[in-house]
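Take a look at the structure set out below.
Values in this text are rule-based calculations from the coordinates and carry no lab data. Here the structure is a predicted model, which is why all the values come from computation and not from measurement. Ideal geometry is used to build each Cβ from the backbone, glycine not excepted, and the neighbour counts take in all protein chains shown.
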Amino acid sequence: MTKLYRLSGSRAMKTDPPASVPDPDVRSTAVPLRTVNVHQAKTHLSRLIDDAHAGETILLAKAGKPWARLMPLAPPSPQRIPGRLRSRGPLRQPDGLLEPLEPEELAAWENGPLTPWMPQP
């Protein structure tokens with residue numbers, strides 16, 4: 001393995017070459033990461049943000065070592081659209097929503113798996 005020398009203050013230090021850091025999120029993808037040093041990232045930040053928005057993950061390196069990751073945000077969850085079921089027409093029995101339930105149906109609702117917090121009789 002080749003040793004690298006870097007200057008630290010007034011003397012040279014022997015260091016190992018930067019090792020790649022395995023990332024569990026990245027290993028599952030087949031596309032290799034593009035590594036950009038911090039100076040280049042500052043210069044081309046707008047372009048890098050556009051690339052990340054397009055789906056690319058970019059590894060930012062400082063002094064050749066992985067430092068940060070620029071990646072796209074998860075897509076937002078779809079927003080609820082009120083009135084989506086209006087296309088199916090009006091309710092067949094709108095007054096039926098206000099009628100009391102039959103005792104058997106009420107017992108099925110109260111003892112069902114949807115209400116485990118209610119005390120059982």
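Within the option set LEU101, LEU91, LEU85, LEU106, being aliphatic (A, V, I, L, M), surrounded by fewer than 10 Cβ atoms within 10 Å (Cβ to Cβ) and not in a strand (DSSP E or B) holds for one residue only, LEU85. Taken together, the residues in the stretch 64-82 that are within 30 Å of ASN37 (Cβ to Cβ) and either out of contact with any Pro (no Cβ under 9 Å at 6 or more places or on another chain) or loosely packed, with under 10 Cβ neighbours inside 10 Å (or both) amount to 9. Can you say whether SER46 is polar (S, T, N, Q) and not in a loop (DSSP other than H, G, I, E, B), as far as the supplied structure shows? Yes.
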